[in-house]
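First comes the structure, then the notes that go with it.
The values are calculated or read from the model by the stated rules, or taken from the named source; none is laboratory data. Predicted model only: the values in this text are computed from it and were never measured. For neighbour counting, all protein chains shown are included, and Cβ atoms are generated from backbone atoms with ideal geometry for every residue, glycine included.
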Ligand SMILES: [Zn+2]
């Protein structure tokens, strides 16, 4: 699968609709592609983050995204620790930008 195909799967992944071989391909691609990882993080933060803010709840999205990825990876037992490592770092960086952006709008 190329990046376009992978990125089209992101909404389905976030709704927990990817299964089996498709999920494995998705995670394998995320393992190696910075661009798609960034897109995944942004889509997760924008969908989850905005609904949480509207509900007035506190949140720890970078941790939750990491856990989400780990749960998915555990399902197919693949390079779990690597995924945990990169997402924790990357999601934290993007989360900071996201929070700054939201406060700028408020
Ligand atoms: Zn890609």
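Residue count for the range 32-43 under the criterion of being near the ligand (Cβ under 10 Å from one of its atoms) and in contact (Cβ under 8 Å) with a residue 12 or more places away in the chain: the result is 7. Taking the range 1-19 as the range and being at pLDDT 90 or above and either within 11 Å of the ligand (Cβ to nearest atom) or in a helix (DSSP H, G or I) (or both) as the test, the residues that pass are 2, 3, 4, 5, 6, 7, 8, 9, 10, 11, 12, 13. Count of the range 60-88 residues, restricted to those that are modelled with pLDDT under 65 and either assigned to a helix (DSSP H, G or I) or under 15 Å from the mean Cα position of the chain (by Cα) (or both), is 8.
Against the definition (buried (at least 19 other Cβ atoms within 10 Å of the Cβ), within 14 Å of the chain's Cα centre (by Cα) and at pLDDT 90 or above), how does residue 45 come out, yes or no? Spelling it out, it is not the case that residue 45 is buried (at least 19 other Cβ atoms within 10 Å of the Cβ), within 14 Å of the chain's Cα centre (by Cα) and at pLDDT 90 or above. The requirement of being surrounded by fewer than 16 Cβ atoms within 10 Å (Cβ to Cβ), modelled with pLDDT under 75 and touching a helix residue (DSSP H, G or I) at 6+ places or on another chain (Cβ under 9 Å) is satisfied by residue 50.
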